[in-house]
Amino acid sequence: MSLAQHLSTGATTIARAWALTRRDGLTLGFTDHDRDLTFDGVTFRADSGLTARALEQVTGLAVDNSEAVGALRDAGLREADIMAGRYDGAALVIWEVNWAAPDQRRVIFRGTLGEITRAGGAFRTELRGLSEPLGQPGGRIYHAACAASLGDTACRFDLNTPGFSAEVPLAAQRAEPAQLRFAPIETVAPGWFAGGRVVVLSGAAEGLVAQIRDDRVRDEMREITLWDSLRADLAPGDVLRLEVGCDKQAGTCRMKFNNLLNFRGFPHIPGEDWLTSYPKAGAPNQGGKRR
């Protein structure tokens with residue numbers, strides 16, 4: 001019997017199941033049934049306390065609107081993980097399933113999590129459909145700076161090149177501003193990592209990434225200042241990967257990375273001063289080139 005045939009009987013055993021996949025690959029399953037369900041290699045837990053409001057789905061490219069609410073608990077979504085941003089943009093699939101015969105099911109929503117709010121031991125999150133990214137502005141921007149991100153498929157620079165990254169244990173941390181301190185790093189000069197990023201390789205914050213604002217030596221220690229904190233606890237001894245920074249200028253691309261062939265900017269494009277300039281009385285107008 002198919003799900004459609006089961007629904008046509010009038011006496012149904014229907015539940016909803018959610019599969020939530022974070023960007024780090026971890027998949028969690030939830031259901032509003034009173035017992036766990038298992039299919040597609042995922043166990044959907046009945047004690048998660050997760051529920052979803054009625055879906056508003058339309059034809060065309062309009063965004064599907066709904067939201068999910070649930071309880072924060074160790075067996076499901078933990079507040080520490082939400083605050084660390086581990087669920088930002090997580091992929092979500094919602095099924096309507098016959099809990100008496102889980103092979104009878106259909107997908108009723110596929111998309112991502114939007115903004116997550118927390119209050120009183122519970123969370124609430126927006127559900128964004130697959131058409132939502134189509135509403136984002138796109139296209140190439142023409143300006144002097146490089147439009148690629150260091151190490152991506154457009155840049156093509158290998159960040160594993162010796163001297164362009166370092167894996168070092170954390171020595172100490174200062175909360176305000178977000179400063180990380182390490183033993184001296186002799187292989188690269190101070191300032192080398194400014195504008196780069198830090199990736200946590202071990203500890204409670206493993207997998208999180210933050211952007212580096214400043215890199216300097218203070219009190220014989222290497223001090224890395226972040227633009228924003230990692231939103232998770234770090235402890236001395238946690239291993240972090242420091243990656244070189246790039247200011248996206250053509251000269252830096254050529255001299256620091258020897259990668260000018262893949263530069264994705266337009267260093268000779270006229271600036272605003274050039275575009276708005278005009279002839280002036282009393283000024284030399286000999287027909288020469290503008291500077």
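Every read-out reported here was derived from the displayed coordinates using simple, explicitly stated rules and does not represent laboratory data. Note that the structure is predicted; figures quoted are calculated from it, not measured. Heads up, the Cβs are rebuilt from the backbone with ideal geometry, glycines too, and the neighbour counts pull from every protein chain shown.
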Practice prompt. Before anything else, pin down the relative contact order of segment 162-285: Cα pairs under 8 Å, at least 6 apart, normalised by residue count, whole percent.
Written response: 27 percent
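R0 = 35 Å: FRET efficiency of Glu167 with Asp40, Cβ-based, nearest 0.05? Spell out each step's value before the answer.
Values: r = 36 Å, r/R0 = 1.04.
Efficiency, from the Cβ-Cβ distance: 0.45.
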Worksheet item: So how far apart, in nm, are the two label points at His268 and Leu201 if each is 7 Å from Cα heading toward Cβ?
Response: 4.2 nm
Worksheet, complete the sentence: Simple SL model, points at 7 angstrom along Cα→Cβ for Ile14 and Trp227; separation in nm is 4.6 nm
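If R0 is 45 Å, what FRET efficiency do you get for Arg241 and Arg140 from their C-beta distance, rounded to 0.05?
Values: r = 30 Å, r/R0 = 0.67.
E between Arg241 and Arg140, to the nearest 0.05, is 0.90.
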Worksheet item: Ser131 to Met1: extension gain in nm, 0.36 nm per residue of separation minus the Cα-Cα distance?
Response: 43.6 nm
Fill in: Added length on full extension, which subtracts the Cα-Cα distance from 0.36 nm per residue, Ala147 to Thr21
42.4 nm
Worksheet item: How many nm is it between the label spots at Asp32 and Thr187, if each spot is 7 Å from the Cα in line with the beta carbon?
Response: 5.3 nm
Discussion item. Rounded to whole Å, give me the distance from the Cα center of segment 102-177 to that of segment 15-42.
Written reply: 22 Å
Discussion item. On the Cα set of segment 165-243, report Rg and Dmax in Å, please.
Written reply: 10.9, 29
